[in-house]
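Asker: My structure is below; once you've seen it, I'll send some questions.
The values are calculated or read from the model by the stated rules, or taken from the named source; none is laboratory data. Small disclaimer: the values here were computed from a predicted structure and weren't measured. Neighbour counts are summed over all protein chains in view; Cβ atoms, including those assigned to glycine, are modelled from backbone coordinates with ideal geometry.
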Amino acid sequence: MASAPFAVSLIRPKTSVPRPPMVVLPQISSSLKRRKNGQLNVFCDYSCFEVKDLSYRPPGTKINLLNDLSLSLREKSLGLIFGRSGSGKTTLLQLIAGLNKPTSGSICFQRYGDDGYPNKSPELLQSERVGIVFQFPERFFVTENVLNEVTFGWPRQRGGPQLKEVLASRLEKAITSVGLAGISLDMDPHSLSGGYKRRLALAIQLVQAPDLLLLDEPLAGLDWKARADVVKLLRNLKKELTLLVVSHDLNELSALVDQSWRMEMGGTLKSEPLPV
Ligand SMILES: Nc1ncnc2c1ncn2[C@@H]1O[C@H](COP(=O)(O)OP(=O)(O)OP(=O)(O)O)[C@@H](O)[C@H]1O
């Protein structure tokens with residue numbers, strides 16, 4: 001048995017008492033408008049993740065790695081940044097994840113009304129709302145079993161039953177959504193196949209319930225089967241959250257991409273269709 005936090009006993013569903021289906025109310029407001037032919041259309045507010053005029057110069061250096069770049073990505077869509085090695089793609093992801101501070105510019109969520117205009121002040125992005133899966137994430141696994149890896153950093157003693165239930169339900173959802181429900185949580189993460197290691201890396205982030213997930217080269221180093229599995233997984237994740245991906249694997253990801261940008265040497269970004 002894993003030397004695990006409290007959540008382990010809660011993650012299996014209690015099947016004996018049938019529960020009514022949970023109703024999840026969308027965090028959006030909608031309005032009805034009548035078209036000329038008399039049909040009613042539903043228009044909804046929506047939210048975009050936005051980077052505005054962002055520049056970054058590492059402390060103690062004289063050259064900007066990123067220069068005045070901006071992007072806007074609608075919620076529940078997938079944006080892909082491509083470009084030459086060393087152009088600054090990973091640096092940008094690290095800033096968005098809150099691992100470094102931009103020299104200038106802002107990173108926020110902006111809500112828009114059905115007329116396409118902002119209808120609220122932008123909300124600065126809190127790092128708790130962002131997950132990041134680094135390139136070769138399996139190199140950062142630090143514990144001896146899958147359960148501990150996913151719940152690493154969770155409160156071990158404090159927290160009442162309510163918090164425990166929330167965490168347990170997040171754990172179950174994360175494990176299930178990446179297709180790890182069939183494996184033992186006692187397994188050593190390092191013994192998993194390449195594709196399953198990537199699934200675990202995704203689950204580690206999903207368990208924090210982020211709104212935005214950043215992925216740096218999610219297909220790198222995987223065989224064709226694992227790559228296809230990860231692409232399928234990303235397709236499903238896009239239904240639930242916003243994904244910003246940095247990758248050189250443009251062909252395999254192209255079917256999923258809603259928006260793309262080329263990062264130029266010198267750290268500038270321009271909106272551009274994928275060259276595939
Ligand atoms: N703290 C720092 N100080 C100085 N230079 C840095 C610092 N961090 C990164 N760099 C440089 O910034 C450039 C951009 O690096 P980055 O890893 O963001 O590029 P990338 O586009 O992600 O490349 P790749 O596709 O190879 O992963 C590189 O030349 C890197 O050496």
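Asker: Mind listing whichever residues of region 210-227 are touching a residue at least 24 places away in the same chain (Cβ under 8 Å) and farther than 24 Å from residue 68 by Cα? It would help to see each step written out before you state the result.
Answerer: Just the residues of region 210-227 that are touching a residue at least 24 places away in the same chain (Cβ under 8 Å), to begin with: 210-223, 225-227.
Residues satisfying the conditions are 210, 211, 218, 219, 220, 221, 222, 223, 225, 226, 227.
Asker: Could you go through region 169-177 and let me know if any residue there is part of a loop (DSSP other than H, G, I, E, B), of a type in the set (Lys, Arg) and at pLDDT below 90. Reasoning before the result, please.
Answerer: Looking only at region 169-177, we keep the residues that are part of a loop (DSSP other than H, G, I, E, B), and these are none.
Scanning region 169-177 turns up no residue that is part of a loop (DSSP other than H, G, I, E, B), of a type in the set (Lys, Arg) and at pLDDT below 90.
Asker: So for region 169-189 (the condition being exposed (fewer than 15 other Cβ atoms within 10 Å of the Cβ), closer than 30 Å to residue 57 by Cβ and free of Cβ contacts under 8 Å to residues at least 12 places away in the same chain), does at least one residue qualify?
Answerer: Among the residues of region 169-189, not one is exposed (fewer than 15 other Cβ atoms within 10 Å of the Cβ), closer than 30 Å to residue 57 by Cβ and free of Cβ contacts under 8 Å to residues at least 12 places away in the same chain, which makes the answer no.
Asker: Would you please name the residue that is nearest to the ligand (Cβ to nearest atom), looking only at residues in region 82-110 that are in a helix (DSSP H, G or I) and crowded, with 21+ Cβ neighbours inside 10 Å?
Answerer: Going residue by residue through region 82-110, those that are in a helix (DSSP H, G or I) are 89-96.
Okay, now just the ones that are also crowded, with 21+ Cβ neighbours inside 10 Å, so 89, 92-93, 95-96.
Details: 89: 4, 92: 7, 93: 8, 95: 10, 96: 12 Å.
In this case the residue turns out to be 89.
Asker: Search region 233-254 for residues being in contact with a helix residue (DSSP H, G or I) (Cβ under 8 Å, 6 or more places away or on another chain) and part of a helix (DSSP H, G or I), and hand back the single one that is nearest to the ligand (Cβ to nearest atom).
Answerer: Here the residue is 253.
Asker: If we keep just the residues of region 126-160 that are crowded, with 16+ Cβ neighbours inside 10 Å, of a type in the set (Val, Ile, Thr) and more than 16 Å from the ligand (Cβ to nearest atom), which is modelled with the lowest pLDDT?
Answerer: 151
Asker: Check region 59-74 and report whether any residue there is at pLDDT below 95, within 16 Å of the ligand (Cβ to nearest atom) and over 24 Å from residue 246 (Cβ atoms).
Answerer: Within region 59-74, one or more residues are at pLDDT below 95, within 16 Å of the ligand (Cβ to nearest atom) and over 24 Å from residue 246 (Cβ atoms).
Asker: Given the residues 253, 233, which is the only one that is touching a residue at least 40 places away in the same chain (Cβ under 8 Å) and touching a strand residue (DSSP E or B) at 6+ places or on another chain (Cβ under 7 Å)?
Answerer: Values: 233 fails: touching a strand residue (DSSP E or B) at 6+ places or on another chain (Cβ under 7 Å).
Just a single option satisfies the conditions, and that option is 253.
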